[in-house]
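The values are calculated or read from the model by the stated rules, or taken from the named source; none is laboratory data. Keep in mind that what you see is a predicted model, and the values were worked out from it rather than measured. A quick note on method: Cβ atoms are made from the backbone with ideal geometry, for glycine too, and the neighbour counts reach across all protein chains shown.
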Amino acid sequence: MTRAPVAATGSAYIGRFAPSPTGPLHAGSLVAALASWLDARAHGGQWLVRIEDVDTPRCVPGADRVILQQLATCGLHPDAPPVWQSERGALYQAALDRLVATGVAYGCACTRSDIARANAELGRTKPRHGDLVYPGTCRPDRGGLGARTARAWRVAVPEGTAGMWPWCDRRLGPQSQALDQAVGDFVVRRADGLWAYQLAVVVDDAEQGVTDVVRGEDLADNTPRQMWLQAQLGLPHPRYLHTPLVLGANGEKLSKQNGAAALDLRDPVAALRQAGAALGLALGDATLRPGITVADWLALAVPAWQALLLRWEAALVNAG
Ligand code: GLU
């Protein structure tokens, strides 16, 4: 007998898919969309779509509409009208005001070269992947802005054990990150005035009542920052599940940036099959029926997802 997984949050399940409209969906983003949809369906929950268009220089005009159309072609219909982050600045501002009022956020006047210089003086060099940790120049407890003008807003992450953020991923199991060493005082409002992903995602997940975040594993190391921000803002923590990454032929993560081709949706079932295979769904022969509709394929994929959740859960129990 198979046991249907139950959301640990106790509240009704709300999941979401949150694409950035930097281009059409590619094979990797369909995997995240499908996984989040399947998990919502498997829990009898709601599935929302949020267009994450705060980083306007990276957004491609019209890509949001293309993405919504691609999702519809794959039978992935949101249970409520999609929201656009570009229309939600007032919510992000209110969160920043709160972080400033509680002494968590502070203004920072440093340019990139200021940060590079201060880090060089400390003997720190930029890692090959990732950013230099902010050296803390403008932190109020290290002297603050002085006479300089704030360009960006950062949050002061605690050092030492207070900054060690443990969390548990539904697939990856127990994780932890030393916030001060891994990311340092991160930006919540950028020098160009744009809202940073970390703040927008936390505010929106809470405002939309999201109980479960299901997204690609490349975002897993953002989770401690987001959970820590939730704690600073008094917001509940969703559960997190990070799905296996789809790698390109060169072994690198597929992304719009490294030229992943747009999905070929002339045969949406074939695209769903590929996404299901990337997740590791064990789909029965019924899903191979010639002429199967998208809706029938998806209905058969829900129990396969439930079985996959149980396999991941068992693997964690065995590993622990
Ligand atoms: N907008 C992000 C992206 O497309 C995903 C954010 C998230 O799921 O938290 O990479």
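Please go through the stretch 271-298 and give me each residue that is assigned to a helix (DSSP H, G or I) and farther than 24 Å from G216 by Cβ, ordered by number.
Across the stretch 271-298, the qualifying residues are D285, A286, L288, A295, D296.
Hey, any hits in the stretch 223-236 for a residue that's in contact (Cβ under 8 Å) with a residue 60 or more places away in the chain, in a strand (DSSP E or B) and away from the ligand (no atom under 16 Å from the Cβ)?
no
Answer yes or no: is there a residue in the stretch 59-82 that is of a type in the set (K, R), surrounded by fewer than 20 Cβ atoms within 10 Å (Cβ to Cβ), free of Cβ contacts under 8 Å to residues at least 40 places away in the same chain and within 23 Å of L263 (Cβ to Cβ).
Yes - at least one qualifying residue is present in the stretch 59-82.
I want to confirm something. Restricting to the stretch 42-62 and keeping residues that are farther than 16 Å from Y240 by Cα and in a helix (DSSP H, G or I), which single residue is nearest to the ligand (Cβ to nearest atom)?
Across the stretch 42-62, the extreme among qualifying residues is R58.
Would you pick out the residues in the stretch 194-235 that are among the small types (G, A, S) and farther than 24 Å from A275 by Cβ?
A196, A200, A206, G209, A231, G234 - these are the residues of the stretch 194-235 that are among the small types (G, A, S) and farther than 24 Å from A275 by Cβ.
Any residue at all in the stretch 16-25 that's of a type in the set (F, W, Y) and either more than 15 Å from P82 (Cα to Cα) or more than 10 Å from the ligand (Cβ to nearest atom) (or both)?
No.
Restricting attention to the stretch 148-167, does a residue exist that is within 16 Å of the ligand (Cβ to nearest atom) and touching a helix residue (DSSP H, G or I) at 6+ places or on another chain (Cβ under 9 Å)?
Yes: the stretch 148-167 contains one or more residues that are within 16 Å of the ligand (Cβ to nearest atom) and touching a helix residue (DSSP H, G or I) at 6+ places or on another chain (Cβ under 9 Å).
Taking interchain pairs and intrachain pairs at least six residues apart, which have beta carbon atoms under 6 angstrom, with the first residue in the stretch 296-318 and farther than 16 Å from V214 by Cα and the second surrounded by fewer than 16 Cβ atoms within 10 Å (Cβ to Cβ)?
The qualifying pairs are L300/A286; A304/A282; L316/G173.
Output the residue which, of all residues in the stretch 22-40 that are part of a helix (DSSP H, G or I) and of a type outside the set (A, V, I, L, M), is modelled with the lowest pLDDT.
Within the stretch 22-40, the match that is modelled with the lowest pLDDT is G28.
Give the residues of the stretch 198-216 that are farther than 24 Å from A162 by Cα, more than 8 Å from the ligand (Cβ to nearest atom) and either β-branched (V, I, T) or modelled with pLDDT under 95 (or both), sorted by residue number.
V210, T211, V214
So is D192 of a type in the set (D, E, K, R) and either over 21 Å from R88 (Cβ atoms) or within 16 Å of the ligand (Cβ to nearest atom) (or both) or not?
When the stated conditions are applied, D192 does not pass them.
Give the residues of the stretch 209-222 that are surrounded by 18 or more Cβ atoms within 10 Å (Cβ to Cβ) and assigned to a loop (DSSP other than H, G, I, E, B), sorted by residue number.
Passing the criteria: V210, T211.
Checking the structure you have, find out if any residue of the stretch 92-114 is of a type in the set (G, A, S), at pLDDT 95 or above and within 17 Å of the chain's Cα centre (by Cα).
No, the stretch 92-114 contains no residue that is of a type in the set (G, A, S), at pLDDT 95 or above and within 17 Å of the chain's Cα centre (by Cα).
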